[in-house]
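Here the structure comes first, spelled out in structure tokens, and everything after it is commentary.
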Amino acid sequence: MLDSSLLPALPYAALIFDCDGTLIDTTAANESAWRAALAEWDVELDTTWYRARTGLPADDLLMELAKETDREFDHAAVRAAALDAYSRLVGTVEPNAPVVAVARAHHGRVPLAVASGGSRRAVEESLQATGLRPLFDAVVTRDDVRYGKPAPDVYLLAAERLKADPALCVAYEDTDEGAAAALAAGIRVIDVRPILGRATT
């Protein structure tokens, strides 16, 4: 059943969804993957610290961690280790049913896209593992743009690929960084956190 608070207000021509935490509950798997990757650098990942930064691109997360720990990281190596760990865990992720219900209800009626701050490999694996990939006409990830969220790049590119005016798109997000990215692209935002039982900041 559709939750009315997640339904987009008219007029709209396309819907664009964040992936991690919005369409799919990947929080535990991503955290475990980062913990495994950072353990190779003898760094213990703090859950509270990590969950406050889940909307950040991987490189930004590592830069903040470097400041926090006074350590330097090989970003490419840590990202690769985290991706490999996530691939082993992707079978544990679950769709967020209320948000997915919106996508299913609009599939075939308006163009749909994913605009994610994650890597293409992880996003595609998540969508495939949950059976959601066929719903979307376009998938845009951090790998496709120069700047990740909170910059508007992923949303602007998603709208372009859907051949939709950003002003007529609606975005679904679960982080402040993601909402800022969509708003900077001129796209209206629906925050899914209240529906998913998570606090907004």
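Does ARG88 fit the bill of being among the basic types (Lys, Arg), on the phi < 0 side of the Ramachandran plot and at pLDDT 95 or above?
Values: among the basic types (Lys, Arg): yes; on the phi < 0 side of the Ramachandran plot: yes; at pLDDT 95 or above: yes.
So ARG88 fits the description; yes.
Could you tell me whether any residue of region 23-35 is surrounded by fewer than 18 Cβ atoms within 10 Å (Cβ to Cβ), under 23 Å from ALA180 (Cβ atoms) and among the basic types (Lys, Arg)? Let's see the steps before the verdict.
Of the residues in region 23-35, the ones surrounded by fewer than 18 Cβ atoms within 10 Å (Cβ to Cβ) are 27-28, 31-32, 35.
Now drop any that are not under 23 Å from ALA180 (Cβ atoms), which leaves 27, 31.
Now drop any that are not among the basic types (Lys, Arg), which leaves none.
Checked region 23-35: no residue is surrounded by fewer than 18 Cβ atoms within 10 Å (Cβ to Cβ), under 23 Å from ALA180 (Cβ atoms) and among the basic types (Lys, Arg).
What number of residues in region 102-158 are at pLDDT below 95 and aromatic (Phe, Trp, Tyr)?
So the answer is 1.
Assess whether ASP59 counts as being out of contact with any strand residue (DSSP E or B) (no Cβ under 6 Å at 6 or more places or on another chain), modelled with pLDDT under 95, under 26 Å from ALA138 (Cα atoms) and of a type outside the set (A, V, I, L, M).
Numbers: out of contact with any strand residue (DSSP E or B) (no Cβ under 6 Å at 6 or more places or on another chain): yes; modelled with pLDDT under 95: yes; under 26 Å from ALA138 (Cα atoms): yes; of a type outside the set (A, V, I, L, M): yes.
Yes; evaluated as a whole, the condition is true for this residue.
Just to be sure I understand, how many residues within region 142-162 are touching a strand residue (DSSP E or B) at 6+ places or on another chain (Cβ under 8 Å), surrounded by 19 or more Cβ atoms within 10 Å (Cβ to Cβ) and farther than 19 Å from ASP191 by Cα? Steps first, please.
Within region 142-162, the first condition is being touching a strand residue (DSSP E or B) at 6+ places or on another chain (Cβ under 8 Å), and the residues that meet it are 154-155, 157-159, 161-162.
Among the residues that remain, those that are also surrounded by 19 or more Cβ atoms within 10 Å (Cβ to Cβ) are: 154-155, 158-159, 162.
Keeping just the survivors that are farther than 19 Å from ASP191 by Cα gives 162.
Looking only at that region, the number is 1.
Would you mind telling me which numbered condition in (1) surrounded by 19 or more Cβ atoms within 10 Å (Cβ to Cβ); (2) within 27 Å of GLU160 (Cβ to Cβ) VAL78 fails?
The one condition VAL78 does not meet is (2).
Tally the residues that are part of a loop (DSSP other than H, G, I, E, B) and either crowded, with 23+ Cβ neighbours inside 10 Å or free of Cβ contacts under 8 Å to residues at least 40 places away in the same chain (or both), restricting the search to region 163-179.
Start the filter on region 163-179 by keeping residues that are part of a loop (DSSP other than H, G, I, E, B), which leaves 163-165, 174-175.
From what is left, the residues that are either crowded, with 23+ Cβ neighbours inside 10 Å or free of Cβ contacts under 8 Å to residues at least 40 places away in the same chain (or both) are 174-175.
Selection size over region 163-179: 2.
Please work out if ASP70 is more than 18 Å from LEU6 (Cα to Cα), in contact with a helix residue (DSSP H, G or I) (Cβ under 7 Å, 6 or more places away or on another chain), surrounded by fewer than 19 Cβ atoms within 10 Å (Cβ to Cβ) and at pLDDT below 95.
no
The values are calculated or read from the model by the stated rules, or taken from the named source; none is laboratory data. The structure presented is a predicted model; accordingly, all values stated were derived computationally and were not measured. When we count neighbours, we look across all protein chains shown, and the Cβ atoms used for this are built from the backbone with ideal geometry, even at glycine.
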